[in-house]
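Written below as structure tokens is the structure these notes are about.
The values are calculated or read from the model by the stated rules, or taken from the named source; none is laboratory data. Keep in mind that what you see is a predicted model, and the values were worked out from it rather than measured. Note that we place each Cβ from the backbone using ideal geometry, even for glycine, and neighbour counts take in every protein chain shown.
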Amino acid sequence: MAQTQNKKKILIVEDDLSIIRVFQRSLDTYDIVVATTSEQARRAFEANPDLALIVLDGKLKVRAGGVEHIETTLILVDVFRSSFKGPIVVTSGDMGLRGEQLVAGCTHSSDKCKLADLVKTLLG
């Protein structure tokens, strides 16, 4: 998807569809790219070199072999930081994991309910 003229592009990595919808509504002045898995996030990141900001949930649900488990997104911070110099906001409810994400290379931490205000502050 091409970036809409004059709209800054945000990658949102989140596995909860209801939260994604809230983010999309509250950030409707931005061009939103959504990924619900780590693999989708990697592909979206590679396909969108013009990202202005990344929002990263700290944990994602993964289904493999019919079994659901939780994985952290710490490895994605390394993937993104290999070439992305912009802000990465971690939105995990797990405060310990938020701290780990910040050490790993996220630039900001936010509650999901306060994300829109932070994004608007960071991107204008």
Residue check, Ile32 β-branched (Val, Ile, Thr), part of a helix (DSSP H, G or I) and out of contact with any Cys (no Cβ under 6 Å at 6 or more places or on another chain)
no
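Kindly indicate the residue of region 57-68 that is surrounded by fewer than 18 Cβ atoms within 10 Å (Cβ to Cβ) and closer than 20 Å to Val90 by Cα and also modelled with the lowest pLDDT among those meeting that condition. Break it down stepwise before answering.
Here is the first cut: in region 57-68, the ones surrounded by fewer than 18 Cβ atoms within 10 Å (Cβ to Cβ) are 59, 61-68.
Now drop any that are not closer than 20 Å to Val90 by Cα, which leaves 59, 61-62.
Numbers: Lys59: 92, Lys61: 87, Val62: 81.
Among those that are surrounded by fewer than 18 Cβ atoms within 10 Å (Cβ to Cβ) and closer than 20 Å to Val90 by Cα, it is Val62.
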Which of the residues spanning region 1-28 are in a loop (DSSP other than H, G, I, E, B) and in contact (Cβ under 8 Å) with a residue 24 or more places away in the chain?
Met1, Gln3, Thr4, Lys7, Lys8, Glu14, Asp15, Asp16, Leu27
Listed by first then second residue, the pairs whose first member lies in region 60-78 and is in contact (Cβ under 8 Å) with a residue 40 or more places away in the chain and of a type outside the set (A, V, I, L, M), whose partner is assigned to a loop (DSSP other than H, G, I, E, B) and surrounded by 10 or more Cβ atoms within 10 Å (Cβ to Cβ), with beta carbons under 8 Å and at least 6 positions apart or on separate chains, are Lys61/Asp15; Thr73/Asp57; Thr73/Gly58
So which residues in region 71-121 are surrounded by 11 or more Cβ atoms within 10 Å (Cβ to Cβ), closer than 17 Å to Glu46 by Cα and of a type outside the set (D, E, K, R)?
Thr73, Ile75, Leu76, Val77, Val79, Phe80, Phe84, Gly86, Pro87, Ile88
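Which of the following residues is of a type outside the set (Val, Ile, Thr), in contact with a helix residue (DSSP H, G or I) (Cβ under 8 Å, 6 or more places away or on another chain), over 24 Å from Ser18 (Cβ atoms) and modelled with pLDDT of 95 or more: Phe45, Phe84? Write out each step before concluding.
On the way: Phe45 fails: over 24 Å from Ser18 (Cβ atoms).
Step by step, each of Phe45, Phe84 is checked, and only Phe84 is of a type outside the set (Val, Ile, Thr), in contact with a helix residue (DSSP H, G or I) (Cβ under 8 Å, 6 or more places away or on another chain), over 24 Å from Ser18 (Cβ atoms) and modelled with pLDDT of 95 or more.
Report, by residue number, each residue of region 107-121 that is in contact with a Gly (Cβ under 9 Å, 6 or more places away or on another chain) and at pLDDT 95 or above.
Our first condition is that a residue be in contact with a Gly (Cβ under 9 Å, 6 or more places away or on another chain); within region 107-121, this holds for 107, 109, 111-112.
Matches in region 107-121: Thr107, Ser109.
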Region 46-56 - residue that is touching a strand residue (DSSP E or B) at 6+ places or on another chain (Cβ under 6 Å) and either more than 18 Å from Ser109 (Cα to Cα) or not β-branched (Val, Ile, Thr) (or both) and, of those, surrounded by the fewest Cβ atoms within 10 Å (Cβ to Cβ):
Asp50
